[in-house]
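Derivation of every value follows stated rules applied to the coordinates shown; laboratory data play no part. Please read these numbers as outputs of a predicted model, since none were measured by experiment. So basically every Cβ, Gly included, is an ideal-geometry build from the backbone, and we count neighbours across all protein chains shown.
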Amino acid sequence: MTIRSLAGAAAATVMMASLAACSDNAEEPAASAEAQGQNWRYAHEEYEGDVQDVFAHKFKEYIEDNSAHTLQIHRFGELGESDDIMELTQAGVLQFVNQSPGFTGSLIPEAQIFFIPYLLPVESEKVVTFFEESKAINEMFPKLYAEQGLELLTMYPEGEVVITADEPVTSPEGFQGKNIRTMTNPLLSETYQAFGATPTPLPWGEVYGALQTNIIQGQENPIFWIQSGGLYEVSPNLIFTGHNQFTTAMMANQEFFNGLSEEDKELVRNATDHAFEHIAGYVPGLGEKMLDKILEDSDEVTVTRLTKEQRQAFRERAPQVENRFVEMTGESGAELLEQFKADLEAIENE
Ligand code: 6CS
């Protein structure tokens, strides 16, 4: 553990104790608490104005405009890393959490389905329809999250995933010998191994420093995050491989959710729909806008869009990752994958 992550963990522990002390009002009689409104806590993984923050504020807006409840939003770093905010939610200290499957994959192996390359389309509009209509997302995933004490409220896209590296890479051979940072789930490591690189799982807080000190030579993320986190400053070669969409998920502590009145459950579901609809219009085109900002800001940045032939060399390596997904998740993963593909086909045919 680095000094930085130790400090983060210590801060999260202190925060956890003080949040637990603040949640004493949970013992108030339900009727009076509801009339007065409760203060709910919601943590996400990003910075001010980023996609998860926009989602959280739309959710808050709906809750506060339509009830006496208030919502306190905690951004990245306030309560530690992504794993810390998940732990706090499972412990009931936080009521809501936005955690990406990139980190949930170690808790719910099936969530790694989002890391089979070339499975999800990269076009935002298509992907939004997929998240709205998919049975795998809306019917199968909630059961898997429930097994971990979580009420899955929604999953939504954040944009096409782009690789950044220390040089413009156009083939799996070009990734040889490069440590590419991945979020901490085993299947994403399989993807980068298949792509010719040396996968290096790291929590978010360590990525910028690891690029700056050349411990890693690249990473993957949507463009808005490459801009907002300043990753282009330390990893200036942007490579569009078309291999994925960044997916994230928003959920509640299930015990908390089940204890809500029917009216409040409806409020939470409506607030989720309100936020999702906003994001559905916000994310398409965001990558292009943020790319313009990056290019305005830096003379060093290069943009490589792989040709169809160049992509094919990466695409050919996807089946081995898919096979590993099924090996890791067994029957449950195989059923999910079948439904996922059927849902995608239905969107293609619309
Ligand atoms: O790469 C990461 O770890 C982060 N990427 C995004 C787009 N959101 C949160 C996550 O922690």
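A simple spin-label model places the labels of residue 66 and residue 345 3.6 nm from each other, with each point 7 Å out along Cα-to-Cβ.
The local environment of residue 277, defined by Cβ-Cβ distances under 11 Å, has a net charge of -1 under the rule Lys, Arg +1 and Asp, Glu -1. Placing a pseudo-label 7 Å from each Cα along the Cα-to-Cβ vector at residue 255 and residue 277 gives an inter-label distance of 3.5 nm.
Note on residue 47 and residue 147: the model spin-label points, each 7 Å out from Cα along the C-beta direction, lie 3.7 nm apart. Restricted to Cα atoms, the chain shows a radius of gyration and a Dmax of 20.2, 65 angstrom. Each part reduced to its alpha carbon centroid, the range 129-170 and the range 275-337 end up 11 Å apart. Per-residue 3J(HN,Hα) values for the range 231-237, derived from phi via the Karplus relation 6.51 cos²θ - 1.76 cosθ + 1.60 with θ = phi - 60°, read 5, 5, 5, 10, 8, x, 9 Hz in sequence order (x marks Gly and Pro).
So what is the orientation-averaged projected area of the range 142-240, using the convex hull of its C-alpha atoms, in nm²? Don't skip to the answer; put the middle values down first.
Working: hull surface 28.1 nm².
Answer in nm², one decimal: 7.0.
Evaluating 6.51 cos²θ - 1.76 cosθ + 1.60 at θ = phi - 60° for every residue in the range 172-183, the Karplus couplings come out as x, 4, x, 8, 4, x, 9, 7, 10, 5, 10, 5 Hz, glycine and proline recorded as x.
Based on the mean of other beta carbon atoms within 10 Å per residue, what is the order of 201-212, 147-158, most packed first?
The packing order, highest mean first, is 147-158, 201-212.
Restricting to DSSP H runs of at least four residues, report the calculated mean residue ellipticity at 222 nm for the chain, -39500 (n - 2.57) per run over all residues, nearest 500 deg cm²/dmol. One gets -15000 deg cm²/dmol as the mean residue ellipticity at 222 nm. Normalised by residue count, the range 297-350 yields a Cα convex hull volume of 170 Å³ per residue.
In terms of its C-alpha gyration tensor, the range 209-350 has an oblate overall shape, because the principal axis ratio a/c (a ≥ b ≥ c, square roots of the eigenvalues) is not below 1.5 and a/b does not outweigh b/c. Close amide H partners of residue 71, meaning residues 5 or more places away or on another chain with modelled amide H under 5 Å apart, are 40.
Relative to the current alpha-carbon distance between residue 309 and residue 332, full extension at 0.36 nm per residue lengthens the span by 4.9 nm.
Phi angles of the range 242-250 translate, via the Karplus equation with coefficients 6.51, -1.76, 1.60 and θ = phi - 60°, into HN-Hα couplings of x, 8, 6, 10, 7, 10, 9, 9, 10 Hz per residue; Gly and Pro are given as x.
Does the range 241-323 come out rounded, prolate or oblate, given a ≥ b ≥ c as the square roots of the eigenvalues of its C-alpha gyration tensor, rounded meaning a/c under 1.5 and, failing that, prolate meaning a/b above b/c? Can you show the working numbers first?
Values: a/c = 3.67, a/b = 1.76, b/c = 2.09.
The shape class here is oblate.
Counting Lys and Arg as +1 and Asp and Glu as -1, what is the net charge of the other residues whose Cβ lies under 12 Å from the Cβ of residue 234? Provide the component values of the computation, followed by the final result.
Numbers: positive: 181; negative: 166, 233, 300.
Summing Lys and Arg as +1 and Asp and Glu as -1 gives -2.
What order do you get for 42, 47 when you list them from fewest to most C-beta neighbours inside 10 Å?
The order, fewest Cβ neighbours first, is 47, 42.
Taking amide H as placed 1.01 Å from N in the peptide plane, the amide H of residue 161 sits under 5 Å from that of 244, 245, 246, each at least 5 places away or on another chain.
Taking a Cβ cut-off of under 15 Å around residue 146, the surrounding Lys, Arg, Asp and Glu residues balance to a net charge of -3, with basic ones at +1 and acidic ones at -1.
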